[in-house]
Amino acid sequence: NCFEFGNGSCPGTFRSSGIRGAMYLFMTGAIFFTIFGNLAIIICVSYFKQLRSPTNFLILSMAVTDFLLGLTVMPYSMVRSVENCWYFGLTFCKVHYSFDLMLCVTSIFHLCSIALDRFYAICYPLHYSSKVTISVIKRMLAVCWSVPAAFALGVSFSEAYASGIEGYQILDACSRSCLVIVNKLWGTVLFTVGFFTPGCIMLGIYVKKFLVSKKHARLMSSMPENANHEKPNQLSKNKDRKAAKTLSIVMGVFLICWFPCFFTVLIDPFLNFSSPALLFDALTWCGYFNSTCNPLIYGFFYPWFRKALRYILGKIFQTRFYTASL
């Protein structure tokens, strides 16, 4: 019985045209920067031979993930968030949600893989080139893509996430809001797989890396002060400061963007689904912004990416510039 949902089958919206226009403008800007920021990294790493390292292949794959999120998921989420209605049908709602979940978790898995790669490079530098090979990176990428894909597609189309929720079938059939409500079990599983486990791995790795960097700095400081060691000591201190800054930015952005979203998914079933839909929309977009920030952190933060982009923009018509030294 869909009588209670009314003829429109969409919740009423009280937003003025000015507010809706501002929301469209803001979200379109986020989509634009997500798409073209990650596209710039894809072009740079794919084109320049000097950037084709194991670490940069991880960054390239993450950029592809975030690019697809901005291109295929965020525009439909924007329409749903602004109009407070889903115009694209029930089947596409499930497809959209499955791709949304898959690409978001895949992006988080890539963050975790990059942390593992950098941990091995800093803590075991002499063995890094022989242990972290292209074949190892391919296996890591296979895990980063296959596990979230199997998890998201299986959960979405089986509707196991809604098992035991009273009234969900009527809501799913009658409402045109594309609401996805998870039960207690799958809320806990999603929080553990998508945020808690990768977050703990990343945090532990970054703490270990920071401690190793401090140990290197102490060793450098204990060396006799003379002209030969003054420059290495200064370089080591600068590198440690840069490492500390990078770690704080990476973890800060990750936690700010994803913790509120996953925490709400975890606790909402235990609060009898009392969280408003507007809150879920806002927190979902907060998570999307992590894909917007990733190009700034992992791409343009490094000088050779900025130089590669300048080559592409300024010398694109010159021949053989893809072999330029960066």
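Amide H contacts of Cys178: Trp86, each under 5 Å away and 5 or more positions distant or on a separate chain (H built 1.01 Å from N in the peptide plane; Pro and chain starts excluded).
In this structure, the pairs whose alpha-carbon distance is over 23 Å, taken from Lys131/Lys208; Lys131/Lys209; Lys94/Lys184; Lys208/Lys307, are Lys208/Lys307. Here the 3J(HN,Hα) profile of the range 35-51, calculated from phi with Karplus coefficients 6.51, -1.76 and 1.60 at θ = phi - 60°, is 5, 7, x, 6, 5, 4, 5, 4, 5, 4, 5, 6, 8, 7, 4, 5, 8 Hz, Gly and Pro shown as x. Within the shell of other residues whose beta carbon sits under 11 angstrom from the beta carbon of Phe273, the net charge comes to -1, with Lys and Arg scored +1 and Asp and Glu -1.
The numbers here are math on the coordinates, done by the rules we state, and not lab data. The structure presented is a predicted model; accordingly, all values stated were derived computationally and were not measured. Don't worry about glycine lacking a Cβ; one is built from the backbone with ideal geometry, like all the others, and counts go over all protein chains shown.
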